[in-house]
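Notes follow the structure.
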Amino acid sequence: MDVQPETPREPGGGLDRRAELSEFLRTRRARLKPEDVGLPDFGRHRRVPGLRREELAQLAGVSVAYYTRLEQGNGRNVSAEVLDSIARALRLTDAEHAHLTHLAKPKQHKKKPVARTQQVRPALRHLLDSIDSVPAYVVGRRSDILAWNRMAAALFGDWAELPAQERNWARLVFLKPEYRELYVDWDRKAADMVAYLRMDAGCHPDDPRLSALVGELSVKSETFRRLWATHDVKEKSYGVKHMRHPLVGDLTLSFETFRLVDDGEQSLITYHAEPGSPSAEALRLLASWGVDATRSGTQTPTA
């Protein structure tokens, strides 16, 4: 088995932002071909996949030397206008554009204690308790699961039975076999999970907990290691998930993500079924069984 390179680290324990910027630009450039961006391809042997640096620089309207410095991780003093031009040349999505900006021009965050526990407002916990027919939970930084209702426990398993440090979506998806069984399209779920985590890493490359999580998953999961190396990024928003629950069978559920206005690092996620569908009936059954079968997950975490 090939040995993958370790994830670059900052001296303080976080991810190496310069290396992240370099690899992100390189992988985005590698996925484009000259014909994708209207450049002639003369059929000559290309030593690297995708566009050459000089071709990308031409498209972005910057010098080759300037772009080369940026791809080497030197984003100091780069303007927003230049980043916009490079994003257009690379055909970046909105999420990728935001990720590029975070890496090249990181915001100065207020210093917070490294061990600070993310807190969910009591009113939000009460809201979760009151939602008795829709699985719902709050997710925070690093895909940590912070609070949930009994319907979420009935659908995903009772997270209250897990140690606090294991209540994390990335850990569950890659390290718990039952979640591979739960998601019909587990490969897509895994890819999305890594893309969300990579987006978080771009916003907070100096987070040692995130760096430790990435390092652990890279060691324990070859799939995670391979997906992390793609540098794909994605915002969690909305969509459809197909699941196979051990009690009620197949489910097709739509999910919605609501980012909290007062804390952009937390989001409320809900799942619902089309009214009158077999999946809606399956959720109704889970709701009736969940009162006795699971404990409420909206208790205050112990750690």
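The values are calculated or read from the model by the stated rules, or taken from the named source; none is laboratory data. All figures in this text were calculated on a predicted structure; none of them were measured in a lab. Note that each Cβ is placed from the backbone with ideal geometry, even for glycine, and that neighbours are counted across all protein chains shown.
Results for (1) in the same structural domain as residue 26 (by TED's automatic domain parsing); (2) buried (at least 22 other Cβ atoms within 10 Å of the Cβ); (3) within 24 Å of residue 106 (Cβ to Cβ); (4) among the hydrophobic types (A, V, I, L, M, F, W, C), shown as yes or no for each residue.
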| site | (1), (2), (3), (4) |
| --- | --- |
| 161 | no, no, no, no |
| 179 | no, no, no, no |
| 210 | no, yes, yes, yes |
| 215 | no, no, yes, no |
| 219 | no, no, no, yes |
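Consider segment 158-186. How many of its residues are charged (D, E, K, R) and within 14 Å of the chain's Cα centre (by Cα)? Adding up the residues that qualify gives 1.
Scanning segment 271-286 for residues that are within 22 Å of the chain's Cα centre (by Cα) and either surrounded by fewer than 20 Cβ atoms within 10 Å (Cβ to Cβ) or modelled with pLDDT under 95 (or both) yields a count of 1. Which of the residues spanning segment 244-269 are more than 17 Å from the chain's Cα centre (by Cα) and not aliphatic (A, V, I, L, M)? The answer is 244, 245, 246, 249, 250, 252, 254, 262, 263. Within segment 13-45, restricting attention to residues that are more than 30 Å from residue 207 (Cβ to Cβ) and of a type in the set (Gly, Ala, Ser), the residue that is modelled with the lowest pLDDT is 43.
For segment 248-268, state whether one or more residues are among the hydroxyl-bearing types (Ser, Thr, Tyr) and surrounded by 17 or more Cβ atoms within 10 Å (Cβ to Cβ). Yes, some residue in segment 248-268 is among the hydroxyl-bearing types (Ser, Thr, Tyr) and surrounded by 17 or more Cβ atoms within 10 Å (Cβ to Cβ). Given the conditions (1) outside any helix (DSSP H, G or I); (2) closer than 23 Å to residue 199 by Cβ; (3) modelled with pLDDT under 95, and given that residue 145 satisfies all but one, which numbered condition is not satisfied? Result: residue 145 fails condition (3) only.
Whenever a residue of segment 40-60 is at positive phi and outside the structural domain of residue 89 (by TED's automatic domain parsing), it has no partner that is among the basic types (Lys, Arg) and modelled with pLDDT of 90 or more lying with C-beta atoms less than 6 angstrom away and at least six residues away or across chains.
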